[in-house]
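Student: Dropping a structure here in structure tokens format, bear with me for questions.
The values are calculated or read from the model by the stated rules, or taken from the named source; none is laboratory data. Computed from a predicted structure; not experimentally measured. All Cβ positions, even for glycine, are placed from backbone atoms using ideal geometry, and neighbour counts span all protein chains on display.
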Amino acid sequence: MTFELTSFEDVKKLIDLEKVNQDKIVDGRLNGIDITRLKMCIHQSLDDLASINNATASTFSIGTSYEGREMKAIKISKSGETRPAIWIDANIHAREWITGAVCNYIIDQLLNSNETEIQSWLDEYDFYILPIANPDGYEFTHTTDRFWRKSRSENGSPVGCIGTDLNRNFDFHWLENGGASSNPCSNTFAGNSPFSDSEAANMRDFLTSISSRLVFYLSLHSSGQYILFPTGFDDTPIPQYNTYMSIGNLAAEAHGIRHGTNFTAGSVYNLMYTATGSSMDWTWNALKANLTFTYELRDKGQFGHLLPPDQIYPSATEFMDGLKVIMTELSREYLK
Ligand SMILES: [Zn+2]
């Protein structure tokens, strides 16, 4: 089924369709986990997974959100947290629901896949995965506004606007160069200062705590089908530009094998727009992680944030195809 989104009515129809489909498939399970559950039960499924796999997996909180929700993450480690660390987050932008689902699929594969290649990652790395980096905003997209993007903090707006764009709230060229907004009503409001919002500060603190081991930072967004690397500040190529470009292109090729989905690799600035204060740029600059990528997952605008549930599984499997390429490159000597 295809929709031309030409009116508000069409968007409303699509939201209704999405709800119906979700209700239908809520009990569908894959490899022991229901990857299609997109609602707050993601937290419950994290606990379920950790309890089934308690030798390697455990959940933990990196802190609480503005409204007091836990920022629940899962740690998958066979080493007692001594190996090089990989961090994955999703849903820092509340409305980008596909990212949490793909994140859940990655967790499922790490814990349940029979593939030797995927299992070998756990012999080399410790994984830390945060499926919902913006729990207040995420809840708000389910209760009130499907298209909410920001956090839900009071931001000093004289006219009552709410929320910070958490992916503009990190301290890398914060609010410089037009890469974010100082207007509290804007969807790209950078916050009142770097790390003014607890969600961004909690991520900063946890990432800093593992920074001596952090080799790969991955942040999942949607949509647009882009494989993005630093920076969003300006067009000056980072020293590792050629490496990132070549890994990004290899991954893009792999992402397309299964369904022909076309991903494009490049810097945020070159491929999208000026964006300052992102979690990726801060991690790249402040923590010197060996590799940092931000993904914009499906699609290229047809459904946008209302990606139908029947695209979740293809999105997840094609993502894993490219992730394998990145993981192979990560293990090469030149990146160590
Ligand atoms: Zn986003």
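Student: Can you go through GLY304, GLY260, GLY277 and tell me which one is among the small types (Gly, Ala, Ser), modelled with pLDDT under 95 and at positive phi?
Tutor: Details: GLY260 fails: modelled with pLDDT under 95; GLY277 fails: modelled with pLDDT under 95.
Sole residue among the options that is among the small types (Gly, Ala, Ser), modelled with pLDDT under 95 and at positive phi: GLY304.
Student: Kindly indicate whether ASN134 is touching a helix residue (DSSP H, G or I) at 6+ places or on another chain (Cβ under 7 Å), within 16 Å of the ligand (Cβ to nearest atom) and closer than 22 Å to ASN290 by Cα.
Tutor: Numbers: touching a helix residue (DSSP H, G or I) at 6+ places or on another chain (Cβ under 7 Å): yes; within 16 Å of the ligand (Cβ to nearest atom): yes; closer than 22 Å to ASN290 by Cα: no.
It is false that ASN134 is touching a helix residue (DSSP H, G or I) at 6+ places or on another chain (Cβ under 7 Å), within 16 Å of the ligand (Cβ to nearest atom) and closer than 22 Å to ASN290 by Cα.
Student: Still on this structure, please answer the following. Give the residues of region 296-310 that are buried (at least 21 other Cβ atoms within 10 Å of the Cβ) and acidic (Asp, Glu), sorted by residue number.
Tutor: Within region 296-310, GLU296 is the sole residue that qualifies.
Student: What's the number of the only condition in (1) outside any helix (DSSP H, G or I); (2) in contact with a Phe, Trp or Tyr (Cβ under 7 Å, 6 or more places away or on another chain) that GLY68 fails to meet?
Tutor: (2)
Student: Only residues in region 286-299 that are within 11 Å of HIS221 (Cα to Cα) count as the first member; pair them with residues that are away from the ligand (no atom under 14 Å from the Cβ) and part of a loop (DSSP other than H, G, I, E, B), Cβ under 7 angstrom, at least 6 apart or cross-chain, and list the lot.
Tutor: Short answer, once both residue conditions are applied: ARG298/THR261.
Student: From PHE147, PHE170, PHE140, which residue is within 16 Å of the ligand (Cβ to nearest atom), in contact (Cβ under 8 Å) with a residue 24 or more places away in the chain, more than 16 Å from the chain's Cα centre (by Cα) and within 30 Å of ALA57 (Cα to Cα)?
Tutor: Values: PHE147 fails: within 30 Å of ALA57 (Cα to Cα); PHE170 fails: more than 16 Å from the chain's Cα centre (by Cα).
Going through PHE147, PHE170, PHE140 in turn, the sole match is PHE140.
Student: Identify, please: which residue in region 280-295 is outside any helix (DSSP H, G or I) and surrounded by 22 or more Cβ atoms within 10 Å (Cβ to Cβ) and is, among those, farthest from the chain's Cα centre (by Cα)? Explain how you work it out, then say what you get.
Tutor: Of the residues in region 280-295, the ones outside any helix (DSSP H, G or I) are 288-295.
Restricting the remaining residues to those that are surrounded by 22 or more Cβ atoms within 10 Å (Cβ to Cβ) gives 289, 292-295.
Numbers: ALA289: 17, THR292: 12, PHE293: 10, THR294: 7, TYR295: 7 Å.
Only one residue tops the list, namely ALA289.
Student: Name every residue in region 53-107 that is of a type in the set (Lys, Arg) and within 15 Å of the ligand (Cβ to nearest atom), in order of residue number. Working first, answer last.
Tutor: Restricting attention to region 53-107, the residues satisfying the condition of being of a type in the set (Lys, Arg) are 69, 72, 75, 78, 83, 95.
Hit for region 53-107 is ARG95, nothing else.
Student: Of everything in region 104-152 that's of a type in the set (Asp, Glu) and either closer than 30 Å to PHE189 by Cβ or assigned to a loop (DSSP other than H, G, I, E, B) (or both), which residue is modelled with the lowest pLDDT? Please lay out each step first, then the result.
Tutor: Here is the first cut: in region 104-152, the ones of a type in the set (Asp, Glu) are 108, 115, 117, 123-124, 126, 136, 139, 145.
When the remaining residues are screened for being either closer than 30 Å to PHE189 by Cβ or assigned to a loop (DSSP other than H, G, I, E, B) (or both), the result is 115, 136, 139, 145.
On the way: GLU115: 95, ASP136: 96, GLU139: 91, ASP145: 94.
Looking at residues that are of a type in the set (Asp, Glu) and either closer than 30 Å to PHE189 by Cβ or assigned to a loop (DSSP other than H, G, I, E, B) (or both), I get GLU139.
Student: I've got another one for you. Applying the selection to region 253-279, what residues are over 23 Å from GLY100 (Cα atoms), part of a helix (DSSP H, G or I) and polar (S, T, N, Q)?
Tutor: The answer is ASN270, and nothing else.
Student: Also, quick follow-up: Taking only region 289-336 into account, find how many residues are among the polar types (S, T, N, Q) and either more than 30 Å from PHE147 (Cβ to Cβ) or more than 16 Å from the ligand (Cβ to nearest atom) (or both). Spell out how you get there, then give the answer.
Tutor: Initially, region 289-336 is screened for residues among the polar types (S, T, N, Q), giving 290, 292, 294, 302, 311, 315, 317, 328, 331.
Add one more test, that the residue is either more than 30 Å from PHE147 (Cβ to Cβ) or more than 16 Å from the ligand (Cβ to nearest atom) (or both), and what stays is 290, 302, 311, 317, 328, 331.
Counting residues in region 289-336 that are among the polar types (S, T, N, Q) and either more than 30 Å from PHE147 (Cβ to Cβ) or more than 16 Å from the ligand (Cβ to nearest atom) (or both) gives 6.
Student: Can you tell me which of SER181, SER153 is within 16 Å of the ligand (Cβ to nearest atom), on the phi < 0 side of the Ramachandran plot, among the small types (Gly, Ala, Ser) and more than 16 Å from the chain's Cα centre (by Cα)? If you could, list the steps in order and put the result at the bottom.
Tutor: Details: SER153 fails: within 16 Å of the ligand (Cβ to nearest atom).
Just a single option satisfies the conditions, and that option is SER181.
Student: Of the residues that make up region 197-209, is at least one part of a helix (DSSP H, G or I), within 15 Å of the ligand (Cβ to nearest atom) and among the polar types (S, T, N, Q)?
Tutor: Keep residues of region 197-209 that are part of a helix (DSSP H, G or I), which gives 198-209.
Those left that are additionally within 15 Å of the ligand (Cβ to nearest atom): 199-200, 203.
Then drop every residue that is not among the polar types (S, T, N, Q), which leaves none.
No, there is no match, as no residue in region 197-209 is part of a helix (DSSP H, G or I), within 15 Å of the ligand (Cβ to nearest atom) and among the polar types (S, T, N, Q).
Residue-wise test of (1) part of a helix (DSSP H, G or I); (2) more than 16 Å from the ligand (Cβ to nearest atom).
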position	(1), (2)
PHE216	no, yes
LEU220	no, no
GLY224	no, no
LEU228	no, no
ASP235	no, yes
ILE238	no, yes
TYR244	yes, yes
ALA251	yes, yes
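Student: Hey, does region 130-147 have a residue that's over 22 Å from SER278 (Cβ atoms) and of a type in the set (Asp, Glu)? Let's see the steps before the verdict.
Tutor: The initial filter retains those residues of region 130-147 that are over 22 Å from SER278 (Cβ atoms), namely 139, 142-146.
Within this subset, residues satisfying the condition of being of a type in the set (Asp, Glu) are 139, 145.
Checked region 130-147: at least one residue is over 22 Å from SER278 (Cβ atoms) and of a type in the set (Asp, Glu).
Student: Those residues that are at pLDDT below 90 and either in contact with a helix residue (DSSP H, G or I) (Cβ under 7 Å, 6 or more places away or on another chain) or more than 20 Å from THR264 (Cβ to Cβ) (or both), I need them from region 307-330; list them, please.
Tutor: LEU307, PRO308, PRO309, ASP310, ILE312, TYR313 - these are the residues of region 307-330 that are at pLDDT below 90 and either in contact with a helix residue (DSSP H, G or I) (Cβ under 7 Å, 6 or more places away or on another chain) or more than 20 Å from THR264 (Cβ to Cβ) (or both).
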